[in-house]
Each structure stands twice: as structure tokens, then as C-alpha cells.
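Report on one structure; see the data block that follows.
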Amino acid sequence: MSTVLAAGSLAFGGRLAGAVDCDIHAGVPRVQALYPYLPDYWRDFMRDSENPNLEPNTWPANSPLSARPGSRAAQEPAGSDPALLRTQVLDATGARCAIVNCPYGIAALRNEYWAAAMATALNDWMAAEWLAGEARLLGSIVVAPQSPEAAVKEIERLAPDPRFVQVLLPARTEMPLGRRHYWPIFEAAERHGLPVCIHAGGGAGNPTMPVGWAYYYVEDYAAHAQAAQTQLVSLVSEGVFSKFPRLRLVFAECGWTWLPSLAWRFDKNWKGLRREIPWVDRLPSAIIREHCRFTLQPVDAPDEPRHLLETFDMAGGEDLLLFSSDWPHWHDDAEDPLPAGLSPEAERKLLVTNAEGIYRLP
């Protein structure tokens, strides 16, 4: 639900002035850009492999959904130019700040040591190339889910830096995120007061759909929210929030209009099966409302605006949703970035207050 103007900039009559944009992307222009931030061993390792391309295929470069017009500088990947981001998002909207997510292809690497080194290099590149030159940008700590031990070290290293406000994990992982394998990551995030952002993308060799591999990108794209739903059910059912009661999660670019039906089904089944998971001591929907937030984009909106507003209310959107432009991706070209008919209080929560409640904002 984003208006795309000439040169891809966003402008909504000043409604977004002072907003917190909770999901924009930084694209790595080419893998060699990370070499200065890698130890010699891994730099030589990658050169011996002829500079492997780690760009994820979650957003195909030439797909109309992957990039707004004007968000690509020369032949570089969309979203890889901080100057364009500054012009098209921060200056155009008057946003107070924006949180940068870099869903690079680290989660797909089969070598966990290489993945950990790439996560560290990516974070150092982000700090030097994006955050150092723009006070309105805040970063996400990229970690390698293949190695929770290395992920914890990376969180410990960067948590003291106030420019980093959350830990980033992909929605598609080797195992459901509720598994104890990942618990050290959640423990470290909770201890440092950092939310964990589960962002669309990732891939660790598993089929992208529950019944196998898709032939076409439209299949993969339409079914992507299933990964987020699976992770949400896993995290609640396997007791992550019982073990880490102060943990907060943000689901980014995973949609949210599916939330009411999932929560209703989850509550209904929990009532009949609660003895199987006694650590889930209240309705799953109540746990989700307390611990989880969801970014606005992409919006799977019906033609009738009031139906979207009804879904917004049923999902608890006034308290659960965070504004996001998802720059440079282009999900829609509707005339307004927000659901029509929101009260001033609900709009304020969506644009600012909800983000203030979950992030360490300057």
C-alpha cells in the first residue's frame, strides 16, 4: 500500500512526518564489498571459489515486485545506494528514523563457520557504510542461525552499540525456531533488551512450500507467509515465551491479515490439546499479543477498504502493527500507506508509539 512517485520516492502529504519506518532494506552491491571486513582466511576462501554470489533469490532482481522504479543505482542491486534511501524514504517522508534489515543469503550457507564470518562482516559493513553516515538509520544484528554459539557472540559484540536495535533471523530456517537449538539466541537477545526480527526470506535447503518445491516465483511469493505462521506456532507451542518472558518478536514483511484466523484456530486447538503443552498456560492469542509485533507491509488488502479496517481491528492492529515502507520493494501502488478510517490515536500508534515501545530509539 505505497504510492510510488517519480524516482521511486514516497510522499503522502506529510502524514509520515516523524514516523518510525520499521523495515527498509540495504542491498549488498556485490560480495566483494564485504571483503575489507573479512579475515584474510575467508577472503582467500571466497576468492578461491571465484567470488561466490550470496545474493538471495527471494526477490528476483528484475521482478516488478522486487524494486520500486528509481531504487536501483546504475547496475547495482535495488536498495544498495544509501543516498537513494536518504532521498526516497527519509527526506521524502520526513521519517524520524528507519530500521535497516539486510536479509542477505547467509542462512543458506552449509558451512556454519563461513556463515558466522559473513554475518560479522555484514554487520561491520552496515555500520561503516550505512549507519555511520546517517543518524536516522538504525541497524539489525545479522546472525548465522546455523551456529547459535557464534550468533550469541555477535549479539554480545554489537548489543552495546545503540545503533543496533534488534537481532535479525530469516523466516525460513533449517528447523522451526521454537527448537532448543535456537534458544541461546533468544536468551542473549532478551538479556540485552533486543527484540528478535523474523524477516521474510532465508532458506536452508528445505522446500519453500509444505508439499515440496514450487516451479514458479509467484507460487513461492504467494505462499511465503506460511513460513511466518509456522514459526509463530512453533515459538508459542515449544515454550519460548515461557522460558524467556521478556522476549519480544517482530515479524517483518511476512504479512499480518492472516493473523486473526491463525489465532482463532490456535486458541481452539489449544483448548483441546493443552495438556500436551502445559507450559502454554494461557490462550496462544494472548501470548502473541503480548510478545509479537508485525510490520505493515505487505498488506493483502481487499477491494473494499472497510473490510481491511475490520481485519485490522480483529488482528489487534492498533497495538500490534508497526509502520514499514519495505523500501525498495514494491508491493502495491495504492493511494495511501495506511488502512483507511483509522482514528488519530490508532494512526499515531501505528506510525510511532508501537515502535517506541519495542525498540531502543534515540
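The values are calculated or read from the model by the stated rules, or taken from the named source; none is laboratory data. Computed from a prediction, not measured in an experiment: that's the story for all the values here. All Cβ positions, glycine included, derive from the backbone under ideal geometry; neighbour counts span all protein chains shown.
Assorted remarks:
- Any hit, the range 293-305, residues being in a strand (DSSP E or B), modelled with pLDDT of 90 or more and not basic (Lys, Arg): yes
- Scanning the range 18-75 for residues that are farther than 21 Å from His199 by Cα, of a type in the set (Asp, Glu) and in contact with an Asp or Glu (Cβ under 8 Å, 6 or more places away or on another chain) returns no hits.
- Single residue of Glu238, Glu276, Glu253, Glu290 found to be among the acidic types (Asp, Glu), closer than 26 Å to Ile185 by Cα and crowded, with 21+ Cβ neighbours inside 10 Å: Glu253
- Out of Val280, Val240, sole residue that is under 27 Å from Pro298 (Cα atoms) and either touching a Gly at 6+ places or on another chain (Cβ under 8 Å) or of a type in the set (D, E, K, R) (or both): Val240
Okay, residues lined up against (1) buried (at least 19 other Cβ atoms within 10 Å of the Cβ); (2) within 21 Å of Ala200 (Cα to Cα); (3) touching a Phe, Trp or Tyr at 6+ places or on another chain (Cβ under 9 Å):
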residue: Leu320; (1), (2), (3): yes, yes, yes
residue: Asp326; (1), (2), (3): yes, yes, no
residue: Trp330; (1), (2), (3): yes, yes, no
residue: Pro339; (1), (2), (3): yes, no, yes
residue: Ser343; (1), (2), (3): no, no, no
residue: Arg348; (1), (2), (3): no, no, no
residue: Thr353; (1), (2), (3): no, no, no
residue: Tyr359; (1), (2), (3): yes, yes, no
residue: Pro362; (1), (2), (3): no, no, no
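- In the range 231-269, the residues that are among the aromatic types (Phe, Trp, Tyr) and part of a helix (DSSP H, G or I): Phe241, Trp264, Phe266
- Residue within the range 130-142 that is in a loop (DSSP other than H, G, I, E, B), among the small types (Gly, Ala, Ser), surrounded by 22 or more Cβ atoms within 10 Å (Cβ to Cβ) and out of contact with any His (no Cβ under 6 Å at 6 or more places or on another chain) present: no
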